[in-house]
Amino acid sequence: MTQDAAITLTSAAAGNGPLALEAVGLTKDFRLGHGATLHAVRDVNISLYKSAVVALVGESGSGKSTVARMLAGQERPTAGVMRLDGEPVDVRTSRAFRLYKSQVQYVFQDPFGSLNPVHSVGYHLTRPIKLHQGRDVDVKKRVIELLEQVRLTPAAQFEPKYPHELSGGQRQRVSFARALAAEPNVLLADEPVSMLDVSIRLEMLNLLDDLRKRLHLALLYITHDIASARYFADEVLVMYGGQIVERGPAEEVTQQPAHPYTQLLIASAPDPDNLGSVLKSGNSVPRARGAGSGPAAVGCPFSNRCPLAIDKCRAENPALHQLTAVRAAACWRLSEAAPALVNGTA
Ligand code: ADP
Ligand code: MG
C-alpha cells in the first residue's frame, strides 16, 4: 500500500503554474483542559500552484479553518513543514510575518465581522496598500483600481461608504479587495460564500475565479459544499475528522468518488449536475446515520458512520492509498467502495 506522500502523488492542480505554497505533514493538536488532546488536523499535504484552485471540502469541525490558519501563518503547526516559493516559511518575527502576509492572504467567511464599522471602504484598503507597498504608490489610484477589480463600480461612489451601507456581497467584495491590496500570490478563501444570500453565491464564485485567472493567484477554496468545489477547482481534498480522506482531480472525485464519505457527500447533493440548484439548496452536508456523533476517536474517523465499516476500520486508521497518479483515498474497504477504481477499470 502506497502511503500518501507529496513525492509519489502528483497534485491534480500541478501544471497550471509554478508551485507557490506547499505544506507537508501539516498537523495541529489542541491541548484541552483536563489533559486531553484534540487532534484537529493530522498529516495534511497541500500544494498550491499559481493560477490553480484547490478545494478543501468537509463538514463543520473537520479542521478546514485550522489548516487555513496554519497556512496563513496565524497558527503554529504542531508538526509539518511549509514552504513558500521553495523556501521554508518563517513567521517568527512581526517583520517576517508581514512579509509572509504580503504573499499569502486569508479571507474569512464572515463579511459582517471582518470589516470595522467605524471605517470607510477606502480606509480599509488604504492601510494594507501603505503597509505592503512602497511609499511611491499612488494610494488613491490603487484604491479605485482594487474596487474596480472586485467590480464595486462606480468605484468613487463606494470608496467613502461605511460597512453598514453595504450588502453582504458588497462587504465580501471589500474583503477580497483588501486581501488583494498586498498583491499576494496565494489567496486562502475560507467559506467565502457560505454566509451570503444564495442568490449571489454563484456570482461571487465567478468573481473569485476571474480574479484567480487574471492575477494568477494560487487559490485555496474552503467549502462544505462539494458541488461548488467541482464547479471551479482543479483538485479536491476531502477532509473528515482532521484528515484528508480523499484527494484528486475535482471532476474525477465528484464523478466517481472512492471514499464512502465522499460518496455520501455526492449522494446528498440535490443534483450534482445542476450547480444552480445545489447552491440554492444551501448546505449540502448530509445528515447520515450517526451524524452529530462526530468522528470516531479510534480507527478510521468515519468508521462510526460508514455503511461499509468492519472491525479493522474501528481499530486502525487507514493511510491514504494511491489509486492513480493523481488520486488517493484513505479507506480499508476501497475494493468494496470503489471496485472499478481499485481494479484499474475506471
Ligand atoms: P472547520 O473549519 O472545518 O469547521 P476548525 O478547523 O474550525 O474546523 O476546527 C477543527 C476542530 O478543532 C474542531 O473540533 C474545533 O472545535 C477545534 N478547534 C479549533 N480551534 C481551536 C482552538 N483554538 N482550541 C481548541 N480547539 C479548537
Ligand atoms: Mg471553518
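Every number here is computed from the coordinates shown, using simple stated rules; none is lab data. As the structure is a computational prediction, the values presented were derived from the model and not from experiment. Cβ: placed from backbone, ideal geometry, glycine included. Neighbour counts: every protein chain shown.
Data table
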quantity: Simple label model, 7 Å out from Cα along Cβ direction - V342 to L38, nm; calculated: 3.4
quantity: GNM flexibility winner over the chain from G63, G241, G168 (Cα, springs under 10 Å); calculated: G168
quantity: Across K141/K161; K64/K140; K101/K140, pairs whose alpha-carbon gap is larger than 25 Å; calculated: K64/K140
quantity: Whole-Å distance, taken between Cα centres, linking segment 177-210 and segment 133-168; calculated: 16
quantity: Segment 112-195: radius of gyration and largest Cα-Cα distance (Dmax), Å; calculated: 12.1, 38
quantity: Of S60, S102, V150, farthest towards positive along the dipole that unit charges on Lys, Arg, Asp, Glu beta carbons give segment 9-156; calculated: S102
quantity: For Y240, residues with placed amide H under 5 Å, excluding near neighbours; calculated: V245
quantity: For the chain, Kirkwood radius (reciprocal of mean inverse C-alpha pair distance, Å); calculated: 20.8
quantity: Ranked list, fewest to most other Cβ atoms within 10 Å of each Cβ, for S60, S94; calculated: S94, S60
quantity: Cα principal axis extents for segment 57-172, largest first, Å; calculated: 47, 40, 23
quantity: Distance from segment 243-258 to segment 307-336 (C-alpha centre basis), Å; calculated: 13
quantity: Only Lys, Arg (+1) and Asp, Glu (-1) charged, at Cβ; the chain dipole about Cα centre in debye; calculated: 860
quantity: Simple Cβ-charge dipole of segment 62-133, Lys/Arg +1 and Asp/Glu -1, about Cα centre, in debye nearest 20; calculated: 180
quantity: Cα convex hull volume per residue for segment 24-82 (Å³); calculated: 86
quantity: Segment 75-121: Cα Rg divided by the 2.2 N^0.38 Å rule of thumb; calculated: 1.51
quantity: MRE, 222 nm, helices only [DSSP H, n ≥ 4, -39500 (n - 2.57), over the chain, to nearest 500]; calculated: -9000 deg cm²/dmol
